[in-house]
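Colleague: Questions regarding the structure given below will be posed in turn.
The values are calculated or read from the model by the stated rules, or taken from the named source; none is laboratory data. Treat the numbers as computed from the prediction; the structure is a model and nothing was measured. Please note: Cβ atoms are built from the backbone with ideal geometry, for glycine as well, and neighbour counts cover all protein chains shown. Just so you know, the surface numbers come from the protein's heavy atoms only, side chains and all, with ligands and any DNA or RNA stripped out. Shrake-Rupley method; radii C 1.70, N 1.55, O 1.52, S 1.80 Å.
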Amino acid sequence: MNIIVQKFGGTSVATPEARGQVIQKILKAKKEGKSPVVVVSAMGRVPSPYATDTLLQFVKDEAGEIKDREYDLLLSCGEIISAVTIATMLQAAGYDAVALTGGQSGIITDGVHKSADLLYGKSDALVGYVEKDIIPVVAGFQGMTVEGEITTLGRGGSDTTAAMLGGLIGAESIEIYTDVDGIMTADPRVSECASIIPAITYNEIFQMADSGAKVIHPRAVEYAMRANIPLIIKNTFSDEPGTAIVQSVKKSYPSQTVKLITGVAHRLNRIQFKITEKLDADCDLLECMAKEHISIDLINIFPEYNVFTIDGEDKNKLEAILKKDGYEYTMVEDCCKVTVIGERMTGVPGVMSRIMKALNKEGIQVLQTADSLTTIGCLIRSEQVSRAVTALLLEFNI
């Protein structure tokens with residue numbers, strides 16, 4: 001049936017003009033012989049009257065703190081309003097369409113409110129509508145328990161909804177529409193040299209997200225990867241081809257030039273700690289940190305000292321442990337981890353050398369490094385992040 005899933009984010013449904021563009025994208029797919037299943041987010045952000053935060057603030061102002069069950073029930077309303085609006089606009093344009101909640105679309109979740117996980121899916125309803133040439137418009141970000149309770153899927157929930165449904169009904173692709181032309185080689189707010197990536201692998205997207213890039217939510221990528229369905233990030237307001245997220249760029253896009261490095265991500269607010277001596281510690285430091293839920297980023301362990309980085313938000317908790325247990329330490333605040341990402345660097349000699357030369361040429365001191373098969377991370381001073389990212393983009397011609 002050539003089913004595709006089209007997901008439209010909050011900015012895509014925020015205004016009458018934007019919603020008109022959404023309708024055009026859906027009808028374009030229909031005219032191309034596709035059978036679209038549409039997923040929508042809530043309309044816009046504060047002060048929009050239907051934005052999620054607006055709804056939350058209204059109830060809090062009226063009644064105070066909201067319990068988790070009612071929280072999910074309230075949050076589901078924004079997406080339902082969007083689904084009804086888009087379905088009605090399609091009907092007005094002469095097409096059969098039906099608005100559905102997440103539960104009605106077949107998403108059955110566990111009972112964990114605010115961050116539910118998929119238990120299983122039921123495809124009968126969606127496939128039935130598609131077979132009758134009816135366009136389903138699904139409220140994103142939500143599902144339903146076996147008992148019929150409404151749940152929400154947490155951060156990135158509408159992207160996750162689209163990926164869940166794509167796998168459930170065997171879609172040929174999942175299109176995620178937003179207000180940018182695709183995923184970029186770096187944050188364009190940090191470097192003007194950043195450019196659109198035509199295609200990228202699931203693994204590279206995971207690495208970019210983990211390294212601080214604001215890309216599609218990893219849970220959505222996970223569901224698409226399980227079903228081996230391409231995820232395509234596109235712009236509602238342009239006809240650019242966007243970025244395809246696939247299992248193998250070489251196999252899916254054999255004509256595309258495959259580069260050594262795919263992208264450069266960065267994560268701010270890092271603090272580097274150097275533990276020089278342990279005096280009267282009652283417990284192992286790493287164990288104590290784990291108990292306090294302090295996550296370590298970069299780490300190097302030597303006989304004489306240990307060096308690692310943490311999120312700046314955890315500074316006070318870690319200093320309390322170090323002082324209580326008698327550790328001697330120094331720290332460097334206001335750091336940034338810049339990470340080079342690329343599956344094809346595995347086994348290629350000289351990548352680290354090129355990174356260091358590019359940064360040294362800009363007078364950027366590297367405080368610490370760490371690498372994996374597909375990433376090389378460098379800790380630098382935060383004020384140097386723009387020059388560092390630009391230097392790396394130029395060095396690897398991306």
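Colleague: Calculate, for Leu394 and Thr276, the FRET efficiency according to 1/(1 + (r/R0)^6) with r their C-beta to C-beta distance and R0 35 Å; round to the nearest 0.05.
Modeller: The computed FRET efficiency comes out at 0.40.
Colleague: With N residues in the chain, what two-decimal value do you get for its Cα radius of gyration over 2.2 N^0.38 Å?
Modeller: 1.10
Colleague: So if each residue of separation counts as 0.36 nm, and I subtract the Cα-Cα distance between Ser238 and Glu319, what length gain in nm does that give?
Modeller: Numbers: separation 81, 0.36 × 81 = 29.16 nm, distance 4.95 nm.
Working it through step by step, the gained length comes to 24.2 nm.
Colleague: Compute the projected area of the convex hull of the Cα atoms of the stretch 220-320, averaged over all viewing directions, and report it in nm² to one decimal place.
Modeller: Over every viewing direction, the Cα hull of the stretch 220-320 projects on average to 11.2 nm².
Colleague: Sticking with this one: Round to the nearest 10 and give me the degree value, 0 to 90, for the angle of helix 315-324's Cα axis relative to the longest principal axis of the chain.
Modeller: On a 0 to 90 degree scale, this one is about 40.
Colleague: Would you kindly find the accessible area of Thr375, with a 1.4 Å probe and non-protein molecules such as ligands, DNA and RNA excluded, rounding to the nearest 10 Å²?
Modeller: Ignoring ligands and nucleic acids, Thr375 comes out at about 20 Å².
Colleague: Then there is this: More than 28 Å apart: what percent of Cα pairs in the stretch 256-398 qualify?
Modeller: Tail of the P(r) past 28 Å holds 27 percent of the pairs.
Colleague: What does the charge add up to near Gly44, with Lys and Arg as +1, Asp and Glu as -1, over the other residues with Cβ less than 14 Å from its Cβ?
Modeller: Overall, the nearby charge balance is -2.
Colleague: Against the longest alpha carbon principal axis of the chain, how many degrees, from 0 to 90 and to the nearest 10, is the axis of helix 16-31 turned?
Modeller: Here the helix axis deviates by roughly 70 degrees.
Colleague: Let me ask you something else. Count the DSSP beta bridges whose two residues both fall in the chain, then state the antiparallel fraction as a percent rounded to the nearest 5.
Modeller: Given both bridge residues lie in the chain, the antiparallel proportion sits at roughly 60 percent.
Colleague: Let me ask another. Lys67 versus Val46, label points 7 Å from Cα toward the beta carbon: distance in nm?
Modeller: 2.6
Colleague: Also, I was wondering about something else. About the Cα centre of the chain, how large is the charge dipole given +1 on each Lys and Arg Cβ and -1 on each Asp and Glu Cβ? Please answer in debye to the nearest 20.
Modeller: Dipole size: approximately 1280 debye.
Colleague: While we're looking at this one, here's another question. Calculate log10 I(q)/I(0) of the stretch 108-252 for q = 0.12 Å⁻¹, where I(q) comes from the Debye formula with a single equal point scatterer on each Cα and nothing for solvent.
Modeller: The Debye formula, applied to the Cα set alone, gives -0.53.
Colleague: Also, quick follow-up: Where does helix 351-361 land angle-wise versus the long Cα axis of the chain, in degrees 0 to 90, nearest 10?
Modeller: For helix 351-361, the angle is close to 70 degrees.
Colleague: If you don't mind, there's one more thing I want to ask. Can you compute the modelled spin-label distance between Val332 and Ala290, with each label point 7 Å from Cα toward Cβ, in nm?
Modeller: Each label point lies 7 Å from its Cα, and together they span 2.8 nm.
Colleague: Still on this structure, I have one more. Which GluC sites (Glu not before Pro) in the stretch 105-167 pass both tests, a DSSP loop state and at most 14 other beta-carbon atoms within 10 Å?
Modeller: Hits after loop and neighbour filter: Glu147.
Colleague: Provide the FRET efficiency to the nearest 0.05 for the Ala227-Lys250 pair, computing r from the beta carbons and using R0 = 22 Å. Before the final figure, lay out each step's value.
Modeller: Numbers: r = 20 Å, r/R0 = 0.92.
The computed FRET efficiency comes out at 0.60.
Colleague: Then there's this: Please work out how much length the chain gains when fully extended from Lys361 to Ile23, using 0.36 nm per residue of separation minus the C-alpha to C-alpha distance, in nm with one decimal.
Modeller: Length gained, Lys361 through Ile23: 116.7 nm.
Colleague: While we're on this one: Mind giving me the FRET efficiency for Asn269 and Ser353? R0 is 22 Å, r the Cβ-Cβ distance, nearest 0.05 is fine.
Modeller: For R0 = 22 Å, the calculated efficiency reads 0.15.
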